[in-house]
Amino acid sequence: MSQASPPAPQPGLFGKQLVLGVTGSIAAYKAVVLLRRLVQEGAEVSVVMTESATRFLSPLTFEILSGRAVTTDLFAANQGMRHLALADQADGIVIAPATANMLAKLALGLADDVLSTMALAATCPLIVAPAMDGEMWNHPTVQAHAETLRARGVTVLQPEEGMLASGDVGKGRLPDETTILSAIEARLCLRQDWAGQRVLVSAGPTQEAIDPVRFISNRSSGKMGYALALAARRRGAEVVLVSGPTALRAPAGIEYVPVNTAEEMGKAIVSRFTWSTVVIMAAAVADFRPARPSHGKLKKTESAWRRIEFEPTEDILETLAKQRATQVLVGFAAETEAVLDHAQQKLVRKGLDLIVGNNVATEGCGFGSDTNAAILVDRTGRVTRFDAMPKRELAERILDAVQALTPTSPGHHPESPSGAHKRTNA
Ligand SMILES: Cc1cc2nc3c(=O)[nH]c(=O)nc-3n(C[C@H](O)[C@H](O)[C@H](O)COP(=O)(O)O)c2cc1C
């Protein structure tokens, strides 16, 4: 496997997960230009359209430009709960253009279509760019709704003065895409506190072959590792994600290294170790693999099935601990009992700086779940408990804990010897 070519640092919206909500304004066509700018900036944009918006523009336009399915219907057969998934994953929701109707729904908490329902379910920042006729914008009800939203922390952009679609001149025009982009950046790109860090993350399960068609594996979904990789990227780090087989999409802006076996994962991690400043081993790497995988497919009748011998795989963290210079090493302990004890023991045994223990037998935690509760133990012995929360939020808390242990401040690490970095997965 070749040496990593880590991604170049790209500030701003790069790698951010955005929802672009488009509503039924005559200015809906301008959302196409905005989408193109967001994509050019490296944001990953999922477009959600109201039914009225689809009267102005075809979802196909947005689908092609975003490279993602467009969500238009809360009840569409193949989109069940998609509104919640999008709300959960988004770093920000941008509604541009926003109709007077949508402003009212947001202000009142109405949820009778996919976009308003999503906005109500989301905890991420909401940025709204109203566009409407001047008289509508000046109407006391519309103004009151805009004020209500601002008071609630929503960024409501001022519409611009100028020629309106009706031919009248007034205040109600959608600001141009550069203005909207700046507002999004101002709201979402405050934290670049991991700039200068080079982060190696492992995620997902490994698969160990029994024969050419069967393997043993585990229930790891990769969600926690992906959330960590994305969080580090969002906070300005260069990130390499070494992932076992998962159902998740390779994140943009991150060098993605797919692997299958524990051996492949070990090689991928170890070969990039000197490049890294922080290593987060969130993968559920197999501890044992079949000692002698069969070259041919085992038949149903074969006695080999009665006894498959296993041998230990390489302990990647132990290998890293022996080779480390100043890297911060973070491990995970997926347990079903005595989580704190096991986590503390593993921290010491493997020479880690931080360990994230979680009880995978608890409902709403661990494998496959979108939420996780965790106990963090660091090398100073400090124990921090986090109740169940979305994995992306827990990822931020874990990064905060790592940051407290980082030997040099971000931005002061030596340059990669490989020189030019290239982004491989955007
Ligand atoms: C040609 C046309 C243009 C419209 N332009 C706007 C507009 O710019 N802003 C606005 O608030 N409503 C506008 N409307 C009215 C909205 O489409 C209407 O209120 C609709 O119910 C909004 O639905 P939505 O908020 O779910 O997208 C327009 C309607 C038509 C027919």
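The values are calculated or read from the model by the stated rules, or taken from the named source; none is laboratory data. Remember, it's a predicted structure, so these values are computed and weren't measured experimentally. Note that each Cβ is placed from the backbone with ideal geometry, even for glycine, and that neighbours are counted across all protein chains shown. To get the accessible areas, we keep the full protein, side chains included, count just its heavy atoms, and leave off ligands, DNA and RNA. Shrake-Rupley method; radii C 1.70, N 1.55, O 1.52, S 1.80 Å.
What the table below lists for this structure:
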{"item": "Meets criteria (in contact with a Leu (Cβ under 9 Å, 6 or more places away or on another chain) and within 12 Å of the ligand (Cβ to nearest atom)) for Met102", "result": "yes"}
{"item": "Restricting the range 110-126 to residues that are assigned to a loop (DSSP other than H, G, I, E, B) and more than 10 Å from the ligand (Cβ to nearest atom), the residue that is most open to solvent (accessible area, probe 1.4 Å)", "result": "Thr123"}
{"item": "Gly253 being over 26 Å from Pro290 (Cα atoms) and either modelled with pLDDT of 95 or more or not in a strand (DSSP E or B) (or both)", "result": "yes"}
{"item": "Any chance Asp91 is among the acidic types (Asp, Glu) and in contact with a Pro (Cβ under 9 Å, 6 or more places away or on another chain)", "result": "yes"}
{"item": "From the options Ala85, Ala129, Ala107, residue that is outside any loop (DSSP other than H, G, I, E, B) and more than 16 Å from the ligand (Cβ to nearest atom)", "result": "Ala85"}
{"item": "Scope the range 41-82; condition within 17 Å of Lys30 (Cα to Cα) and in a helix (DSSP H, G or I); matching residues", "result": "Ala53, Thr54, Arg55, Phe56, Pro59, Leu60, Thr61, Phe62, Glu63, Ile64, Leu65, Ser66"}
{"item": "Scope the range 317-367; condition among the aromatic types (Phe, Trp, Tyr) and open to solvent by less than 40 Å² (accessible area, probe 1.4 Å); matching residues", "result": "Phe332"}
{"item": "Some residue of the range 259-271 being buried (at least 18 other Cβ atoms within 10 Å of the Cβ) and modelled with pLDDT under 95", "result": "no"}
{"item": "Number of positions in the range 399-412 that are more than 15 Å from Arg191 (Cα to Cα) and modelled with pLDDT of 90 or more", "result": "2"}
{"item": "Hits in the range 26-38 (condition: aliphatic (A, V, I, L, M), open to solvent by 60 Å² or more (accessible area, probe 1.4 Å) and either more than 10 Å from Glu177 (Cα to Cα) or not assigned by TED's automatic domain parsing to the domain that holds Asp168 (or both))", "result": "Ile26"}
{"item": "Top-ranked residue in the range 49-69 [being within 11 Å of the ligand (Cβ to nearest atom) and open to solvent by less than 20 Å² (accessible area, probe 1.4 Å); ranked as farthest from Asp91 (Cα to Cα)]", "result": "Ala53"}
{"item": "Residue ID - modelled with the highest pLDDT, chosen from residues in the range 177-193 that are assigned to a loop (DSSP other than H, G, I, E, B) and surrounded by fewer than 16 Cβ atoms within 10 Å (Cβ to Cβ)", "result": "Arg191"}
